[in-house]
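Derivation of every value follows stated rules applied to the coordinates shown; laboratory data play no part. Keep in mind it's a predicted model, so treat the numbers as computed, not measured. Here the Cβ positions follow ideal geometry from the backbone for every residue, glycine too, while neighbour counts run over all protein chains shown.
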Amino acid sequence: MRINTAQIFMSIMIFSIIIMVSGCEKDQNKEGIRDANGNLYHSVVIGSQTWLTENLRATKYRNGDDILNIKSSSEWVHSRAGAWCKYLDSDSLAAINGLLYNQYAILDTRNICPEGWRVPTAADWNTLCIYLQNHGYNADNSIDTDDDSNTNNYIAKALASASGWEVSSEPMTPGNTDLANFQNKTGFNALPAGGRSISGSFSNNGLSAFWWSSSPGVEGYRIRSIDYNKVKLTSSLAYPESGLSIRCIKE
């Protein structure tokens with residue numbers, strides 16, 4: 001039997017290229033996700049969804065254009081352009097909890113999330129909520145199979161980061177005798193970043209987490225929130241001028 005050395009050489013070359021490409025993909029995955037500023041993020045798979053595990057820290061849109069930074073309360077109140085700020089203009093808090101954005105930054109067509117990611121819709125948040133209720137993440141160990149994001153919704157502790165939250169002095173009902181077992185069970189790592197009101201004032205750092213959705217409501221935009229002394233992931237509305245966190249979901 002004759003051995004075709006040219007074919008063997010070509011096969012080795014192709015195999016080597018495949019290994020190199022695979023290695024590059026692994027290295028890229030290890031690097032995580034980066035926004036237009038180059039900030040690094042990581043992700044977690046929850047059910048059929050993939051979420052970032054940190055709040056957004058981008059000060060640029062995806063195309064590299066700067067997002068307006070507004071520190072003044074009076075300017076924040078009257079701005080109708082996309083804007084961001086740091087809670088109390090604190091670098092240390094921003095490094096941990098991310099930045100706060102008004103809704104106009106989300107509405108901007110230049111896109112605020114990293115490439116391949118987007119601001120979640122209200123339906124995305126509902127999907128997350130229903131999955132967790134149906135798969136053992138409720139604080140009272142109950143399983144809810146009604147596909148209703150508000151029925152037996154006791155999933156907040158499974159989303160909340162293991163540190164940074166004020167400790168509640170009141171019992172949370174319904175709840176488990178050892179809620180620590182549920183703390184950040186999902187790996188979502190929700191942080192109590194607080195927010196900025198439509199008056200420009202800051203509040204609730206260490207107490208609450210607020211995240212935008214891209215879905216409009218009857219008056220304002222739909223948001224989700226967690227409070228330190230509650231076991232529910234709450235759904236409500238906020239005015240576009242509010243300053244809240246953004247947690248991106250994979251497209």
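Tabulated data
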item	result
Cα-based helix-to-principal-axis angle, 122-134 vs the chain, degrees rounded to 10	90
Ellipticity estimate at 222 nm from DSSP helix runs (n ≥ 4, -39,500 (n - 2.57)) divided over the chain, nearest 500	-7500 deg cm²/dmol
Residue among THR145, GLY82, LEU132 farthest towards the positive dipole end of the chain, charges placed on Cβ	GLY82
Total lysine pairs under 14 Å (Cα atoms) in the chain, excluding pairs fewer than 8 apart on one chain	4
Other-chain or far-sequence residues with amide H under 5 Å of GLY243's (modelled H)	ARG196, SER197
Positive-end residue, the range 137-216 charge dipole about Cα centroid, Cβ charges, pick of SER201, TRP212, GLY187	SER201
Label corresponding to percent of Cα pairs over 35 Å apart when calculated from the structure given, among (1) 18; (2) 23; (3) 12	(2)
Low-density loop positions, trypsin sites (Lys or Arg not before Pro), the range 38-138 - DSSP coil, at most 12 other Cβ in 10 Å	LYS71, ARG80
Likely footprinting exposure, VAL45, VAL77, VAL231, VAL218, fewest C-beta neighbours within 10 Å first	VAL218, VAL45, VAL77, VAL231
On Cα atoms only, tilt of 5-31 relative to the major axis of the chain in degrees	10
Cα centroid of the range 31-73 to Cα centroid of the range 86-153, whole Å	13
Size of electric dipole in the chain: Cβ of Lys, Arg +1 and of Asp, Glu -1, about Cα centre, debye, nearest 20	580
